[in-house]
Each structure stands twice: as structure tokens, then as C-alpha cells.
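Working notes for the structure below.
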Amino acid sequence: MTSIARSAGLACERFTALFQQYTSRVLGSIQQINSYTHLWISRLRHTLNAGVIHMLDMYGTLSARALQGAHREPPQRRARWVAVAIGIALSTPMAVADGGSIDATKTVKDLASYQLTDEQYDCHNSIIYRESRWNIDAVNGSHHGYYQGRSDALIDAPYDYQFYWYWHYVSNRYGITEYDEPDYCKALHHLRVKGWQ
């Protein structure tokens, strides 16, 4: 009986040591991602260059940066890590998937909601409704996308690129608010005065 208890105790000690090793690696990767994300956000705020942000995201720089310090492990260790991960996954309660869909209208609204104050958020959404009726592929002559911008870069551009392109446009043309966000309400007022849409 004592030999079984001793072997179980040794197995627990080995598992604890492996788990601590694993968590330190994961925390290191998270710290690398966190520092890179901070750099990414500060660059966005200073340059407001959505093209660069989209290229960084598109080419997977964030995930490549997280794996930068990783090294190859022998197959036995990899198998051990897989077993540990499966054990943890099986013992962790899972949330039920809601079967939702990816909706571009929802995601651009979420992005605006996260970035803007309530007043600017409402004006921003009114502009999109007036310009494109929430159609990401809307075209009117040489104007494209949600915001009907006159730029070839907006042809088939994803919602986040269009969002930051218009952020930059409104900031330069109509100024920014006291909260360092574009003044979408001035842009909306301009649309109403001109009688566009």
C-alpha cells in the first residue's frame, strides 16, 4: 500500500513540476504577445495607419512573435505535453457553443463600440447607414465600402481596414474630440448640410 502511495506521490510531483514548467513557458509567450500588442496599439494611435496594422495582422506577425523563443522538443516530451493538455482540457468545464455566425455588420459595430464614446458611436453608425446601408461591398461610382470612400484601397477591403481608413480620414478632415477620437458628429453634420444621402 505504501509503495502505491509513494508512486502516486512521485507521479503528482512530476506532474506538478511539468505543469509549472509549462505555465512558465505559456506566461513568457503571453508577456511577449502583450508587449507586442502594446507596441502595436501605440503605433496605431500615433500614426493612424490602418494599412500597416492590417498587413501586420494579415501576415500573422502576432502569432510568429509569440513562438519566437520556442525550441524543438524530443517526441517523447511533445507527447507528454499533449497528454497534459488533453488532461487539463478534459477536466476543465466547457461553455456551450451558441452556434453564432460571423457577421461583418456586428464586428464593425463592436469595433466602433470599443473605440468610441456613445455620442460618436451613434454618429458613426448613422454615417454608415446613410452611406452604404451597412453593405461592406457597396459601390457608387468611384466610392467604395461602408463609408463610400474614394480610394482604390477600399475595394474588397475588410471591415477593420475600412474602419481605420475612415478614422484617419475623419481625424484629418473634421478633427478629433477631447477623447482623442475622430469627430464623426461633425462629419455627419457635413453630410446632412450637403444633402448627401
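Only the coordinates and a few stated rules stand behind these numbers; no lab work does. Please read all numbers here as calculations on a predicted model, not as lab measurements. Here the Cβ is made from the backbone with ideal geometry for all residues, glycine too, and neighbour counts use every protein chain on show.
Residue separation times 0.36 nm, minus the C-alpha to C-alpha distance between residue 88 and residue 152: what's the value?
Working: separation 64, 0.36 × 64 = 23.04 nm, distance 4.85 nm.
My answer for the length gained is 18.2 nm.
Restricting to DSSP loop positions (anything but H, G, I, E, B) with no more than 11 other Cβ atoms inside 10 Å of their own Cβ, which chymotrypsin sites (Phe, Trp or Tyr not before Pro) remain in segment 115-197? Please list the in-between numbers first.
Numbers: sites: 121, 129, 134, 146, 147, 159, 161, 163, 164, 165, 166, 167, 169, 174, 179, 184, 196; in loops: 134, 146, 147, 179, 196.
Qualifying residues, ordered by number: 179, 196.
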### Query
Label-point separation (nm) for residue 13 and residue 140, each offset 7 Å from Cα along Cα-to-Cβ?
7.4 nm
### Query
Taking amide hydrogens as modeled 1.01 Å from N in the peptide plane, which residues meet the under 5 Å criterion relative to residue 149, leaving out close sequence neighbours?
144
### Task
Filter the GluC sites (Glu not before Pro) in segment 115-197 to those in DSSP coil with at most 16 other Cβ atoms within 10 Å of their Cβ, and list the result.
178
### Query
Over segment 104-197, what is the mean sequence separation of C-alpha contacts under 8 Å (at least six apart), divided by residue count, expressed as relative contact order in percent?
25 percent
## Note on the structure
For the pair residue 126 and residue 80, the simple spin-label estimate (label points 7 Å beyond Cα toward Cβ) gives in nm 6.3 nm
